[in-house]
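K.L.:
Here it is, the structure in full.
The values are calculated or read from the model by the stated rules, or taken from the named source; none is laboratory data. This is a predicted model, so every value here is computed, not measured. Here the Cβ positions follow ideal geometry from the backbone for every residue, glycine too, while neighbour counts run over all protein chains shown.
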Amino acid sequence: MKKRLLTAALAIAMSLGSLSVFATAEKITINNEAVEIPADMGTIREKDDRTFVPIRFITEYLGCTVKYDNTNSTVQTGDGKTSNLQSTVTITESKTNKSFFFVVGDKEVFVIAPDDVSVISMDTKTFLGDDDRTYVPIRFFAEAMNYNVGWNEETQTVSLNTK
């Protein structure tokens, strides 16, 4: 009986341990400098085993501009069908004149460079948080803006460094 209880307790302990395989990020460093997300700009979020940050915080910190179009309406097309328009975000990187365009809640991002247009599919979707902030996976956007991304398990820190 004791052996069965010990085995059951061990199995429960092991399964609980596996639930926390993906740690929640607590800090962000950019070029070895600790950065804080201002309280009025949102927080670090975890979703789909990814670290998300408010789009305005991360892109402006990396020297980009952000433009929102909060359309969220339904329009009728010429053939009589209706189409839902959702909020869109355009991020422009001033150094390279590259822009990123996406619909909130989608995985696809249009990358518009001076000599090329491409579509990149992320492995998770952007989302609108309960604080009315648009959240993006930090790794995707940092790498798209030519940063190396690292993770320090011990300090729960995401690091971004210029390539």
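K.L.:
Check PHE57, PHE141, PHE52 and return the single one that is touching a strand residue (DSSP E or B) at 6+ places or on another chain (Cβ under 9 Å), surrounded by 15 or more Cβ atoms within 10 Å (Cβ to Cβ), modelled with pLDDT under 90 and closer than 16 Å to ALA25 by Cβ.
P.N.:
Going through PHE57, PHE141, PHE52 in turn, the sole match is PHE141.
K.L.:
So which pairs qualify, if the first residue must be in region 149-163 and outside any strand (DSSP E or B), the second must be among the aliphatic types (A, V, I, L, M), the Cβ gap must be under 8 Å, and the two must be at least 6 apart or on different chains?
P.N.:
GLU153/ALA23; GLN156/ALA23; GLN156/ALA25
K.L.:
Scan region 25-46 for residues that are within 13 Å of GLU60 (Cβ to Cβ) and under 16 Å from the mean Cα position of the chain (by Cα) and jot them down.
P.N.:
ILE30, ILE37, MET41, GLY42
K.L.:
A further question follows. If a residue has to be closer than 27 Å to ASP69 by Cα and of a type in the set (Asp, Glu) to count, how many in region 130-163 make the cut?
P.N.:
The total comes to 4.
K.L.:
Take the residues in region 107-122 that are touching a Lys or Arg at 6+ places or on another chain (Cβ under 6 Å) and surrounded by 10 or more Cβ atoms within 10 Å (Cβ to Cβ), then tell me which one is modelled with the lowest pLDDT.
P.N.:
So, considering only residues that are touching a Lys or Arg at 6+ places or on another chain (Cβ under 6 Å) and surrounded by 10 or more Cβ atoms within 10 Å (Cβ to Cβ), the one modelled with the lowest pLDDT is ALA113.
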